[in-house]
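Taking it in order: structure first as structure tokens, then the write-up.
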Amino acid sequence: MKEKLQVHSDAWPEEEKQELCSKVHELLAARKDSITINDIAFRPLEKADIQEVRDLHREWFPISYDYRYYEATTTDPNSVALGAFYVKKGRRARTLLVGAILARLQFDDSVADAINQRGICYKLARALNCFRKPDIILYIMTFGVADELRRLGIGSELLKRCVEAGRAKVPKCKGVSLHVIEHNHTAIAFYKKQGYRQLQYNKDYYHIKGKVHSSYIFGKLFEDKESKEE
């Protein structure tokens with residue numbers, strides 16, 4: 001009897017069943033134990049990748065996104081959309097999308113405020129300075145790796161390349177921020193290992209199928225000449 005493929009994502013509430021959508025799992029099943037990070041290629045996501053990205057997102061996240069969300073991230077100059085692809089060699093050579101990260105550059109002072117513990121006096125003085133533009137940060141919207149290929153370093157490499165791409169677009173980018181649903185302990189541990197700090201707790205941030213779930217904001221400032229406080 002053919003083994004039934006299972007998918008697991010800690011972003012989902014425990015009581016919710018995850019739907020297996022992507023074709024990549026069946027194609028990986030016979031060779032997942034032999035794949036290493038050296039078999040993975042990284043490149044910007046393109047319009048042709050959108051359907052497979054959507055299928056993987058339906059497995060990874062309990063929140064659905066429409067086609068326009070994915071299309072915007074692959075065309076907007078202020079967005080970063082990267083994919084990790086397993087390069088399957090042999091008679092039926094092909095590339096399989098096994099990971100993706102979508103992010104956008106946006107104005108946001110809250111990361112530096114939280115990390116530097118800026119008080120109300122600093123924030124008031126900044127608000128009165130109408131000539132000052134807010135910080136630009138890279139906000140990670142969604143990020144995931146196929147369950148079979150986790151712990152190979154694919155996620156770390158995707159995150160690193162995403163940050164590099166964001167800073168290449170806007171060299172004065174100050175840092176990175178993201179939300180993590182409170183029960184996703186795997187993601188929390190991952191970001192802490194990458195040097196990200198827990199900045200804020202947002203009660204009842206996510207509304208998923210009639211239930212509310214809180215979240216954490218994690219962030220990180222870039223320590224270089226462009227971003228250090230004077």
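Descriptive notes on the structure:
- Considering only residues in the stretch 179-209 that are of a type outside the set (Asp, Glu) and on the phi > 0 side of the Ramachandran plot, the one that is modelled with the lowest pLDDT turns out to be 209.
- Residue in the stretch 19-37 that is at pLDDT 90 or above and either outside any loop (DSSP other than H, G, I, E, B) or surrounded by fewer than 17 Cβ atoms within 10 Å (Cβ to Cβ) (or both) present: yes
- Residue ranges of strands (runs of 3 or more DSSP E) in the stretch 61-169 with at least 2 members open to solvent by less than 80 Å² (accessible area, probe 1.4 Å) and modelled with pLDDT under 90: 79-88
The values are calculated or read from the model by the stated rules, or taken from the named source; none is laboratory data. Since the model is a prediction, treat every value here as computed from it, not as a measurement. Because the Cβ atoms are built from the backbone with ideal geometry, glycine has one as well, and the counts that use them run over all protein chains shown. Accessible surface is based on the protein model in full, side chains and every heavy atom, while ligands, DNA and RNA are left aside. Shrake-Rupley method; radii C 1.70, N 1.55, O 1.52, S 1.80 Å.
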